[in-house]
Amino acid sequence: MTKTKNNENAIIIFLKGFVIGFGIIFPISSSVLAMTMGIYEKIINIINNFFSSFKKNKTFIISFALGVIASAICCCLLLNITLKKYPVATLLFFTGLIFGGVQLIVKKTEKKISPINIGCTIIGALLLISLSFMGNSSEVIISTNLMGYIKIFLVGLVSAGTMIIPGVSGSAILVILGYYTPLLSLISDTMHLTNLNPNIFIIIVFGIGMLLGIIIVSKLMEYLLNKHKIKTYFAIVGFVIASIINIIILIFNYKIKVIEFAVGLILFIIGYFISAKLLKEDN
């Protein structure tokens with residue numbers, strides 16, 4: 001019986017990891033998805049106490065990681081096609097997914113409106129908008145020189161760090177910075193065994209940045225949510241609003257075709273209801 005129960009738990013954890021992997025690749029907050037499935041705090045705790053808790057949480061860690069990796073590979077291959085052929089429709093779908101997540105973050109603020117809390121929202125929005133000045137083109141070229149590696153390291157650090165913040169999407173940050181499409185293409189090429197040597201090194205540098213970002217921001221979020229919970233969620237509202245605005249601006253940088261835009265609006269509505277439905281389960 002124990003073995004069966006553990007196997008069932010491993011499968012459920014794998015499926016939860018798969019869903020969160022969807023959030024990592026699509027610009028919808030993976031940490032919000034983790035919250036809706038009741039494992040956000042557990043993940044933060046494991047990250048912050050990884051070595052001391054590994055033995056106790058080994059099944060969870062391995063099953064969860066496999067689910068995330070499997071999902072990321074599947075989604076990456078799909079998006080590499082849709083973003084190239086239908087960028088406006090794809091980005092509108094992303095915007096709908098993010099838009100549907102706003103309600104949960106607003107709920108977490110407990111609507112305790114005050115000048116200080118509103119100030120936190122404004123600061124959060126300005127911080128995210130300032131990131132767009134690092135590069136807002138969908139055609140960023142990833143260089144294989146020292147400066148290129150430093151940039152990809154910092155992009156990995158920022159995107160993974162924001163991924164930990166509920167309501168903020170790491171992949172949305174990549175879209176804003178202009179690295180989303182190039183990284184998808186790079187990963188797709190690597191999967192097809194093209195340009196292996198430079199691509200693998202770029203992925204390693206990006207991965208190191210992501211790892212450090214996750215560790216640093218997990219520690220920071222644990223502290224902020226324990227000591228300044230309401231102010232933190234008001235700042236997160238600012239992040240989400242700015243994220244939506246930046247992606248909408250990015251959409252209008254493309255040549256908009258009427259049919260694709262109409263399909264995109266439908267996808268926006270679908271994305272909104274998918275996200276809102278998931279968030280509705282968080283009580």
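Near Ala65: Cβ cut-off under 12 Å, other residues only, Lys/Arg at +1 and Asp/Glu at -1. The net charge is +2.
For the chain, the membrane-span-like helix rule (DSSP H, alpha carbon extent of at least 30 Å along the helix axis, mean Kyte-Doolittle at least -1.0) picks out 2-25, 58-85, 196-227, 229-251, 258-280; this says nothing about an actual membrane. Working value for region 43-134: equivalent-ellipsoid semi-axes of 30, 27, 13 Å, each the square root of 5 times a Cα gyration tensor eigenvalue, largest first. FRET efficiency for the Phe51 to Ile216 pair, using the beta carbon distance and R₀ = 22 Å, is estimated at 0.85. Surface composition of the chain: carbon plus sulfur atoms hold 71% of the accessible area, using a 1.4 angstrom probe and ignoring ligands, DNA and RNA.
Magnitude of the charge dipole for region 136-246, about its Cα centre and with charges confined to Cβ atoms of Lys, Arg (+1) and Asp, Glu (-1), is about 460 debye. The heavy atoms of Leu267 offer some 50 square angstrom of accessible surface to a 1.4 angstrom probe. Note that the chain presents 53 Å² accessible area per residue, ligands and nucleic acids not counted, probe 1.4 Å. Cross-link partners for Lys229 among the lysines, with Cα-Cα distance under 16 Å and sequence neighbours closer than 8 places in the same chain left out: Lys107, Lys108, Lys111, Lys112, Lys219.
Once the C-beta distance of Thr190 and Lys111 is scaled by a Förster radius of 45 Å, the resulting FRET efficiency is 0.45 to the nearest 0.05. For region 143-283, a/c is not less than 1.5, where a ≥ b ≥ c are the root eigenvalues of the C-alpha gyration tensor, and a/b does not top b/c. That puts it in the oblate class. Evaluated over region 12-103, the count of Lys pairs having alpha-carbon atoms less than 28 Å apart is 7 (only pairs 8 or more residues apart or interchain).
Electrostatic tally near Asn49: other residues with Cβ closer than 14 Å to its Cβ, Lys and Arg +1, Asp and Glu -1, net +3. Structural size metrics of the chain, computed from C-alpha coordinates, are Rg and Dmax of 18.6, 59 Å. The sum of -39500 (n - 2.57) across all DSSP H runs of n ≥ 4, divided by the residue count of the chain, sets its helix-only mean residue ellipticity at 222 nm to -26500 deg cm²/dmol. Annotation for region 206-267: trypsin sites (Lys or Arg not before Pro) lying in DSSP loop with at most 10 further Cβ atoms inside 10 Å of their Cβ are Lys255.
Just flag the chymotrypsin sites (Phe, Trp or Tyr not before Pro) in region 71-129 sitting in loop per DSSP whose Cβ has no more than 10 other Cβ atoms within 10 Å. Sites meeting the loop and neighbour criteria: none at all. Inter-part distance, region 243-277 to region 59-127, computed on C-alpha centroids, equals 14 Å.
Compute the longest continuous run of the chain that contains no exposed GluC sites (Glu not before Pro); treat a site as exposed when its DSSP state is not H, G, I, E or B and it has at most 12 other Cβ atoms within 10 Å. Result for the longest clean stretch: 140-280. Does region 171-231 classify as rounded, prolate or oblate by the C-alpha gyration tensor (a ≥ b ≥ c root eigenvalues; a/c under 1.5 gives rounded; else a/b over b/c gives prolate, otherwise oblate)? Prolate. Here's the picture: charge each Lys and Arg Cβ at +1 and each Asp and Glu Cβ at -1 in region 79-215, and of Asn199, Ser143, Thr121 the one pushed furthest to the positive end of that dipole is Thr121.
Our summary gives the chain a relative contact order of 33 percent, counting only alpha carbon pairs under 8 angstrom and 6 or more residues apart.
Here is the list for region 209-283: chymotrypsin sites (Phe, Trp or Tyr not before Pro) lying in DSSP coil, each with at most 16 other C-beta atoms within 10 angstrom of its C-beta, are Phe252, Tyr254.
The values are calculated or read from the model by the stated rules, or taken from the named source; none is laboratory data. If you're wondering where the values come from, they're calculated on a predicted model, not measured in any experiment. So basically every Cβ, Gly included, is an ideal-geometry build from the backbone, and we count neighbours across all protein chains shown. Side chains included, ligands, DNA and RNA excluded: accessible areas come from the protein's heavy atoms. Shrake-Rupley method; radii C 1.70, N 1.55, O 1.52, S 1.80 Å.
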